[in-house]
Amino acid sequence: MTNFSQPTAMPTEIALDKWSDVGFEWQGIVPITQFERLADEIDSLGDDTLDISFALINKNGLLWLNYQIEATLLMPCQRCLTPMAINISNHYRLAILENEDKIRYLHAIEPDADYVLIDEICEPDSRKMLPVADLLEDELLLAIPLAPRHSDCELLTDSVGEVPNTPKENPFAMLEQLRGKL
């Protein structure tokens with residue numbers, strides 16, 4: 001397996017025809033600004049970085065893309081709008097399948113495995129380039145909560161003012177008067 005753990009920029013694509021047999025490893029620290037869609041979701045763009053390592057491995061006749069992420073992102077709480085820390089550190093594993101026939105084989109050896117078809121992520125009639133940065137960004141976007149909230153956050157209602165406690169009028173009061181007259 002070829003190892004690229006020196007501090008170089010994270011590759012955005014990997015040539016499958018070159019690396020699928022020998023494997024590929026990369027490790028480094030990536031600024032969050034490299035992932036535009038993810039950067040739009042977080043609160044701060046200061047020193048936010050992701051500690052990433054990934055490997056392309058040929059195992060059990062299938063190509064696997066393994067990501068190891070160590071990061072905590074600041075996202076705005078949807079109740080109080082103050083920043084809150086979201087830990088997205090995790091191990092992500094994705095099978096890269098050549099065709100739909102491999103899906104049955106994959107589910108036979110690992111029923112809960114996530115997968116993607118090469119034809120869905122690569123342009124037809126071109127060199128098969130695996131978009132590792134885009135696939136990683138998709139996984140990270142799925143890892144962040146849709147509406148992050150502090151567990152002990154109270155909804156701010158002081159700004160609304162006093163709410164009058166008046167009883168509501170019964171919409172059927174008119175019908176009550178007509179009952180018995182017909």
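Values for this structure:
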| item | result |
| --- | --- |
| Hits in segment 19-62 (condition: over 19 Å from residue 91 (Cα atoms) and either touching a His at 6+ places or on another chain (Cβ under 8 Å) or small (Gly, Ala, Ser) (or both)) | 20, 39, 44, 46, 61 |
| Scan of segment 53-77 for residues that are among the hydrophobic types (A, V, I, L, M, F, W, C) and within 23 Å of residue 148 (Cα to Cα), ordered by number | 69, 71, 73, 74, 75, 77 |
| Counted residues, segment 101-156 - those being surrounded by 14 or more Cβ atoms within 10 Å (Cβ to Cβ), of a type in the set (Ser, Thr, Tyr) and assigned to a loop (DSSP other than H, G, I, E, B) | 0 |
| Residue within segment 52-67 that is out of contact with any strand residue (DSSP E or B) (no Cβ under 9 Å at 6 or more places or on another chain) and assigned to a strand (DSSP E or B) present | yes |
| Number of the condition not met by residue 141 [criteria: (1) modelled with pLDDT of 90 or more; (2) out of contact with any Asp or Glu (no Cβ under 9 Å at 6 or more places or on another chain)] | (2) |
| Residue in segment 43-81 that is surrounded by the most Cβ atoms within 10 Å (Cβ to Cβ), counting only those that are among the β-branched types (Val, Ile, Thr) and without any contact (Cβ under 8 Å) to a residue 60 or more places away in the chain | 57 |
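The values are calculated or read from the model by the stated rules, or taken from the named source; none is laboratory data. Here the structure is a predicted model, which is why all the values come from computation and not from measurement. No Cβ is skipped: glycine too gets one built from the backbone with ideal geometry, and neighbour counts run over all protein chains shown.
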